[in-house]
Amino acid sequence: MKTRDLCETRWEWTRDQVLSTWPRVSESDVDAVEGDYEGLVSLLSEEYGYGWDEAADRLDEMANSS
């Protein structure tokens, strides 16, 4: 399953994985994204200084490793 699909269909799982993988991201920031894949990529880009592609790749790695 693609990470974009996970954000939309399994948001609670994705949310929990993001919070455990990236501790500098706040729970309230992740909750504000509310299943929006592009918002999540942007959040990781802002908080960790990743470029868009790197943030998307890291989300894919997280989704595929769990």
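All of the numbers you see were taken from the coordinates with simple rules; none came from a lab. The shown structure was predicted, so the numbers you read here are calculated from the model rather than taken from an experiment. Virtual Cβ from ideal backbone geometry, glycine too; neighbours counted across all protein chains shown.
Rounded to whole numbers, the Karplus 3J(HN,Hα) couplings from phi for the stretch 5-16 are 5, 4, 4, 7, 9, 10, 4, 4, 5, 4, 4, 5 Hz, using 6.51 cos²θ - 1.76 cosθ + 1.60 with θ = phi - 60°, and x at Gly and Pro. Between amide H atoms placed 1.01 Å from N, distances below 5 Å from V25 occur with no residue 5 or more places distant or on a separate chain.
Once the mean of 1/r is taken over each pair of separate Cα atoms and inverted, the chain shows a Kirkwood hydrodynamic radius of 11.4 Å.
Could you give the dipole magnitude of the chain about its Cα centre, charging the beta-carbon of Lys and Arg +1 and that of Asp and Glu -1, in debye to the nearest 20?
So the magnitude is around 180 debye.
On full extension, the segment bounded by D5 and E34 gains 9.1 nm, given 0.36 nm per residue less the C-alpha separation.
Across the chain, C-alpha contacts under 8 Å between residues 6 or more apart give a mean separation that, scaled by the residue count, equals a relative contact order of 33 percent.
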